[in-house]
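Worksheet: the structure to be examined is printed underneath.
The values are calculated or read from the model by the stated rules, or taken from the named source; none is laboratory data. Keep in mind that this is a model prediction, so the values were computed, not measured. Cβ atoms come from the backbone with ideal geometry, glycine included; neighbour counts cover every protein chain shown.
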Amino acid sequence: MNKTEYIYQQIKQDIISGKLTPNQKLVEQEIAQQYSASRNTVRNSLSLLESENLIIREANKGAKVSNFSIFDVIHMLDVRIELEGYVIRTAFPNIDEEKIKMLENICYLMEQTSASELVTHSDLNNKFHYIIYEACPNQYAVQLLKDIKSKVTKYNVRFFAIPERKKITLQEHRSIIDAIKNGELEEAVKLNIEHVKSIKTSYLSHQEFF
């Protein structure tokens, strides 16, 4: 892991854990001194964080930690509910045996992930959905979904600390895979929408985690 990646990972973890709070300023010079790195390296690390919407950078103002409330997340999930059905419907004909095996492998890896590995679990969860997204011919819709998931990275990680959520997510993912394998388009669409609705319900029912 190079210095850029290391600093990116450290700051990302500090944001996810709450050590760095919403709207907290990130000063390049201070970060460079803390990690014995050049300011150019720090800028590259901040660019990676910005690409995940974990920070905001403004001209002449510097960088600060993004500030999304739980209600912002709920509103974005409402948009996901509308888009996910369309995306899996149009992706369905393009999800071949290779992609199904990839989806199954991700479920296996998620199952092997320990309860404390929240970041790993969140990353695998994203990969599961991205495999389906990549099969969708409408990349404008896909980009909207990726932007939403990117904006709520911090919340997605904490989401998997909710008791039983890892188990529920795995069950829902496997049900979606079964529908795809069986050629059941409408069932796959229904299950994908229900999956996002289930996520929304968990957020609303466990706001203390966020």
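Side notes on the structure shown:
- Region 183-210, residues that are free of Cβ contacts under 8 Å to residues at least 24 places away in the same chain and hydroxyl-bearing (Ser, Thr, Tyr): Thr201, Ser205
- Criterion violated by Glu111 - all others in (1) in contact (Cβ under 8 Å) with a residue 40 or more places away in the chain; (2) more than 17 Å from the chain's Cα centre (by Cα); (3) closer than 22 Å to Gly183 by Cα satisfied: (3)
- Close pairs (6 angstrom Cβ cut-off, 6 or more residues apart or separate chains): in contact (Cβ under 8 Å) with a residue 40 or more places away in the chain in region 1-29, β-branched (Val, Ile, Thr) and assigned to a loop (DSSP other than H, G, I, E, B) anywhere: none
- Region 72-88 residues that are over 21 Å from Gln139 (Cβ atoms), paired with ones that are of a type in the set (D, E, K, R) (beta carbon under 9 Å, 6 or more apart): Asp72/Lys151; Val73/Lys151; Val73/Lys200; Ile74/Lys200; Leu77/Lys197; Leu77/Lys200; Asp78/Lys200
- The residue that is surrounded by the most Cβ atoms within 10 Å (Cβ to Cβ), counting only those in region 8-40 that are in contact with a Gly (Cβ under 9 Å, 6 or more places away or on another chain) and not acidic (Asp, Glu), is Leu26.
- With respect to the stated conditions, Ile176 is touching a Leu at 6+ places or on another chain (Cβ under 6 Å), closer than 16 Å to Asn94 by Cα and in the same structural domain as Thr90 (by TED's automatic domain parsing).
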